[in-house]
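These notes are about the structure you will find just below.
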Amino acid sequence: MLITLKQPTIYGCPLIELSGRELRLRPGVTPCTKLNVPKDVRVACYRIKPPLIKRSGITGWAINFAVGCVHGCIFCYADFYNKAFPRRGLEDLVRNRWGYYFAVPVNIEEAIVKTRWRKWAGLEVFMSSMHDPYLPQLAPWARRILEKALPAGVKVIVHTRSVLALGDLDLLERYADNVRLHTSIATANTLFSKLIEPRVPPPQVRIGMVAKAKSRGLKTGASISPVFPPNRYNPDVYRDLLEIARALAEAGVDIVYGESLHPRGENMRYIEEALGFKVDVRNWDYIAEKLFYKALNEYGLKGEWIAERY
């Protein structure tokens, strides 16, 4: 028996049909060919194995439903893990430069339905640790996941640099006790931000997103991450941290996490190519931690530093 799903498309593709255990597209359709992605980004499809909530060495429990991220933040650590532990069938894809490969699960609806969400009731789950859940290509599926996870009692930390999460505030505020909306800010310097986070909204816009969420009664948070050492684009790191802390305090965030820049995989090469010089991170983690807490204390913010563990 064929069951027509409520979603008429998947990633912009024609109707999906569910037959028994198999989720399939209309013949001849490949969803990745319809993805609207930045120029030169290579795309692919894969099958994701339920449950969608899985153990993560980074965040404990996490929901990841894509491989790669079109934000293309040059410091991101996810590229290292994708290349070191590639998903079967995507080995060639992830050899591409970070920000220029992106794969989506063809059976995402099936995986959502087959995840026993109540198993994680009361537990904190991070969405997402390996990509932004509110990429334009993923935002409808982020909502679909939350529509299942939140009523089941899963406590979701929605971590995004995308303002598309604002479109789901109606859902999030209905389950305000089970959700916390987070964003990430690496710098308040707009020029520097464009160099290291080339495809994301400006930092002030992201802070505005959590401010609006807070005004709707949601718990909110932010990560000041990664904190770069002083450089020609951002020579006064403490002043930058103070500016971020002031804005976050005005936005009313509940918690702020901090982390310094760490070498992972090819990220330092990407950074050198984008900035035109090498960035020296030796002994920086300890210095950055002190500056982070000093800036937060100036504005009475609650914070936690994530120290380098490797």
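Worth pointing out:
- Some residue of segment 168-179 being within 24 Å of C76 (Cα to Cα), at pLDDT 95 or above, more than 18 Å from the chain's Cα centre (by Cα) and aromatic (F, W, Y): no
- When residues of segment 129-147 are limited to those that are over 14 Å from L52 (Cα atoms) and aliphatic (A, V, I, L, M), the one surrounded by the fewest Cβ atoms within 10 Å (Cβ to Cβ): A139
- Residue check, R180 free of Cβ contacts under 8 Å to residues at least 40 places away in the same chain and either of a type outside the set (A, V, I, L, M, F, W, C) or out of contact with any helix residue (DSSP H, G or I) (no Cβ under 7 Å at 6 or more places or on another chain) (or both): no
- From the list A84, A62, A78, the lone residue that is at pLDDT 95 or above and exposed (fewer than 15 other Cβ atoms within 10 Å of the Cβ) is A84.
- Some residue of segment 123-142 being over 18 Å from L35 (Cβ atoms), part of a loop (DSSP other than H, G, I, E, B) and without any contact (Cβ under 8 Å) to a residue 60 or more places away in the chain: no
- Unmet requirement for R269, which otherwise passes all of (1) modelled with pLDDT of 95 or more; (2) over 22 Å from the mean Cα position of the chain (by Cα); (3) more than 24 Å from G221 (Cβ to Cβ): (2)
- Pair list, Cβ under 6 Å, 6 or more apart: segment 246-269 residue over 19 Å from V179 (Cα atoms) and in contact (Cβ under 8 Å) with a residue 24 or more places away in the chain, other residue among the β-branched types (V, I, T) and assigned to a helix (DSSP H, G or I): A247/I207
- Considering segment 279-310, the residues that are closer than 17 Å to H262 by Cα and among the hydroxyl-bearing types (S, T, Y) include one that is modelled with the lowest pLDDT, namely Y310.
- Output for segment 151-177, where each listed residue is free of Cβ contacts under 8 Å to residues at least 40 places away in the same chain, crowded, with 19+ Cβ neighbours inside 10 Å, in a helix (DSSP H, G or I) and among the hydrophobic types (A, V, I, L, M, F, W, C): L164
- Looking only at segment 87-102, and only at residues there that are surrounded by fewer than 21 Cβ atoms within 10 Å (Cβ to Cβ) and within 29 Å of P202 (Cβ to Cβ), the one that is nearest to the chain's Cα centre (by Cα): Y100
- Lone qualifier among V205, V210, V200 - being under 24 Å from S128 (Cβ atoms), assigned to a loop (DSSP other than H, G, I, E, B) and modelled with pLDDT of 95 or more: V200
- Residues considered: A222, A249. Of these, the only one that is of a type outside the set (D, E, K, R), buried (at least 16 other Cβ atoms within 10 Å of the Cβ) and either over 26 Å from N96 (Cα atoms) or modelled with pLDDT of 95 or more (or both) is A222.
- When segment 286-310 is filtered for residues that are free of Cβ contacts under 8 Å to residues at least 60 places away in the same chain, surrounded by 14 or more Cβ atoms within 10 Å (Cβ to Cβ) and over 20 Å from R239 (Cβ atoms), the ones remaining, listed by number, are E304, E308.
The values are calculated or read from the model by the stated rules, or taken from the named source; none is laboratory data. Predicted model, so just to flag it, every value in this text is computed and none were measured. Cβ coordinates were reconstructed from backbone atoms using ideal geometry, including for glycine residues, and neighbour counts include every protein chain displayed.
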